Amino acid sequence: MPQISEKGLQMPSSPVRKLVPFAEAAKARGIHIYQLNIGQPDIKTPEQAINAVKNTDMEVLSYSHSAGNQSYRDKLAVYYNKINMNLTSEDIIVSTGGSEALLFAMGSICDYGDEVIIPEPFYANYNGFATASGVTVKPISTSIENNFALPAISEFEKLITDRTKAILICNPGNPTGYLYTQDEMDQLTALVKKHDLFLLSDEVYREFAYDGRKHLSIMNIAGLEEHAIMIDSVSKRYSMCGARIGCLISKNKEVLATAMKFAQARLSPPTFAQIAAEAALDTPQEYFDEVISEYIERRDVLIAALKKIKGVEVANPGGAFYCVAQLPVDDTDIFAQWMLENFELDRETIMVAPAAGFYSTPGKGKNQIRIAYVLEKESLKKAVRILDEALKAYNA
């Protein structure tokens, strides 16, 4: 029979979604599942976005410009300039989610076999995007012991070769929730300028910075204009994951011109979703104040409860809405599946994301899980109680 491509065979499965069949089987048995595995907020989408789609009077659902609607890009520039990014609409290409923006970025700056250095653990789909683009991921390890802070710059320099094209960070981080400091960003800036590399920054969780910390975008750093490529999305900011609207931003005109060829090849981003995303930019600050306050409370409830479980170690996230927990088990892939297939407490169980899929180094993260604290506080308390009892039963 015809053969599947080697690239297709190497494409990794999602650590977030690969347990779905087991969850569906559990639901069919009448088990309620607390889903801590996926970053789908339960926060309501701003009504401005929903109403904009409901009230549209268009008669033809047509293509937009390949870079996205001009009115949306103009409004995005205004939004970004409020946080001192000094952008114009010409610096922005609207994409079908942040995922497509990352694919455009990799396709624009990397040839087959080129390398991108990424601190791990990292957003699992970076592995998939790299595979699809023929790019080699060079992971650099961070540790739960120091809250997944940036490794020493000397460790980055050990990995740089003549095939290295970029360093990719997620800030705040998925899956760790780590928020980079001013000093760490300064060090990265000096590094990419010294070695003439691109710095890609996935900033889809920008608004979610806690405990008085401030998010620093690469677009705020003077002297990085030719090096910086920012990835953004409406998915988390406005709880609009299903809209699939993101963007690629850079002041490097050659990068933008190249990315536009990829944008033209897929014709245009979705029209209705752009309408919703443009309207979402009118969301008042009160919305974010309430959301951030809620996530801080959820984080504090979750971390406190996890720290009470014997043998569990957990990093304290400074942003986003994820944390990584280290469990007293050998393989969380097996444990997570076992919870769905063989464990229940009062007809309830939990679904988590095994963390090995958030690493590129084989064998790393096998005793860790990512938890998304996107459920209300009482559900989080119940979920952690279930985890505690599951670990006791599993290790008995």
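The values are calculated or read from the model by the stated rules, or taken from the named source; none is laboratory data. Predicted model only: the values in this text are computed from it and were never measured. Virtual Cβ from ideal backbone geometry, glycine too; neighbours counted across all protein chains shown. For the accessible areas, the whole protein counts, side chains as well, though only heavy atoms, and no ligand, DNA or RNA atoms are used. Shrake-Rupley method; radii C 1.70, N 1.55, O 1.52, S 1.80 Å.
Can you say whether Thr161 is modelled with pLDDT of 95 or more, among the hydroxyl-bearing types (Ser, Thr, Tyr), outside any helix (DSSP H, G or I) and more than 22 Å from Gly212 (Cβ to Cβ), as far as the supplied structure shows? Explain how you work it out, then say what you get.
On the way: modelled with pLDDT of 95 or more: yes; among the hydroxyl-bearing types (Ser, Thr, Tyr): yes; outside any helix (DSSP H, G or I): yes; more than 22 Å from Gly212 (Cβ to Cβ): yes.
Criteria met by Thr161.
Please report, ordered by residue number, the helices (runs of 4 or more DSSP H) entirely within the stretch 47-142 with at least 2 residues that are on the phi < 0 side of the Ramachandran plot and crowded, with 20+ Cβ neighbours inside 10 Å. Even if it seems obvious, please write down each step before you answer.
Working: elements: 47-54, 70-81, 97-109, 125-133.
Those helices (runs of 4 or more DSSP H) span 70-81, 97-109, 125-133.
Out of Ala190, Ala279, Ala209, I need the residue that is at pLDDT 95 or above, surrounded by 20 or more Cβ atoms within 10 Å (Cβ to Cβ) and small (Gly, Ala, Ser). Which one?
On the way: Ala190 fails: surrounded by 20 or more Cβ atoms within 10 Å (Cβ to Cβ); Ala209 fails: surrounded by 20 or more Cβ atoms within 10 Å (Cβ to Cβ).
Only one candidate passes the filter, namely Ala279.
Restricting to the stretch 361-381, give me the number of residues that are under 15 Å from Asn174 (Cβ atoms) and of a type in the set (Ser, Thr, Tyr). So that I can check it myself, show each step before the final result.
To start, the set of residues in the stretch 361-381 that are under 15 Å from Asn174 (Cβ atoms) comprises 365, 368-374.
Still in the list and also of a type in the set (Ser, Thr, Tyr): 373.
Qualifying residue count, the stretch 361-381: 1.
Can you find even one residue in the stretch 381-396 that is farther than 24 Å from Val137 by Cβ, of a type in the set (Gly, Ala, Ser) and modelled with pLDDT under 95? Talk me through it step by step, then tell me what you get.
The initial filter retains those residues of the stretch 381-396 that are farther than 24 Å from Val137 by Cβ, namely 381-396.
Restricting the remaining residues to those that are of a type in the set (Gly, Ala, Ser) gives 383, 390, 393, 396.
If we keep only those that are modelled with pLDDT under 95 as well, we get 396.
Yes, the stretch 381-396 contains a residue that is farther than 24 Å from Val137 by Cβ, of a type in the set (Gly, Ala, Ser) and modelled with pLDDT under 95.
For the stretch 162-185, indicate whether the set of residues that are hydroxyl-bearing (Ser, Thr, Tyr) and within 23 Å of Leu256 (Cα to Cα) is non-empty.
yes
Using beta carbons and a limit of 9 Å, which pairs, at least six apart or on different chains, have the first residue in the stretch 229-251 and closer than 30 Å to Lys193 by Cα and the second one in a helix (DSSP H, G or I) and of a type in the set (Lys, Arg)?
That search, which allows pairs on different chains as well, returns Cys247/Arg73.
Can we say Asp289 is surrounded by fewer than 18 Cβ atoms within 10 Å (Cβ to Cβ), charged (D, E, K, R) and not in a helix (DSSP H, G or I)? Talk me through it step by step, then tell me what you get.
On the way: surrounded by fewer than 18 Cβ atoms within 10 Å (Cβ to Cβ): yes; charged (D, E, K, R): yes; not in a helix (DSSP H, G or I): no.
No: the conditions fail for Asp289.
For the stretch 264-283, name all the residues that are out of contact with any helix residue (DSSP H, G or I) (no Cβ under 9 Å at 6 or more places or on another chain) and among the hydrophobic types (A, V, I, L, M, F, W, C).
Ala265, Leu267, listed by residue number.
Please go through the stretch 149-173 and give me each residue that is open to solvent by less than 40 Å² (accessible area, probe 1.4 Å) and either hydroxyl-bearing (Ser, Thr, Tyr) or touching a Gly at 6+ places or on another chain (Cβ under 7 Å) (or both), ordered by number.
Matches in the stretch 149-173: Thr164, Pro172.
Here are the criteria: (1) part of a strand (DSSP E or B); (2) exposed (fewer than 13 other Cβ atoms within 10 Å of the Cβ); (3) of a type outside the set (Phe, Trp, Tyr). Tell me which single one Asp42 does not satisfy.
Status for Asp42: all satisfied but (1).
Would you confirm whether any residue within the stretch 174-182 is in a helix (DSSP H, G or I), open to solvent by less than 30 Å² (accessible area, probe 1.4 Å) and without any contact (Cβ under 8 Å) to a residue 60 or more places away in the chain? Can you show your working first?
Keep residues of the stretch 174-182 that are in a helix (DSSP H, G or I), which gives 182.
Narrowing further to those that are open to solvent by less than 30 Å² (accessible area, probe 1.4 Å): none.
Looking through the stretch 174-182, none of the residues is in a helix (DSSP H, G or I), open to solvent by less than 30 Å² (accessible area, probe 1.4 Å) and without any contact (Cβ under 8 Å) to a residue 60 or more places away in the chain.
Take the conditions of a type in the set (S, T, N, Q) and modelled with pLDDT under 95 and apply them to Gln264. Does it pass?
Details: of a type in the set (S, T, N, Q): yes; modelled with pLDDT under 95: no.
The answer is no for Gln264.
The rows are residues; the columns are (1) under 20 Å from the mean Cα position of the chain (by Cα); (2) open to solvent by less than 30 Å² (accessible area, probe 1.4 Å); (3) modelled with pLDDT of 95 or more; (4) small (Gly, Ala, Ser).
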| residue | (1), (2), (3), (4) |
| --- | --- |
| Ser293 | no, no, yes, yes |
| Val301 | no, no, yes, no |
| Ala315 | yes, yes, no, yes |
| Gly319 | yes, yes, yes, yes |
| Cys323 | yes, yes, yes, no |
| Pro328 | no, no, yes, no |
| Asn342 | no, no, yes, no |
| Val352 | yes, yes, yes, no |
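What are the residues in the stretch 258-286 that are of a type in the set (A, V, I, L, M) and in a helix (DSSP H, G or I), if any?
Quick first cut of the stretch 258-286, residues of a type in the set (A, V, I, L, M) only: 259-260, 263, 265, 267, 273, 275-277, 279-281.
Scanning the stretch 258-286 gives Ala259, Met260, Ala263, Ala265, Ala273, Ile275, Ala276, Ala277, Ala279, Ala280.
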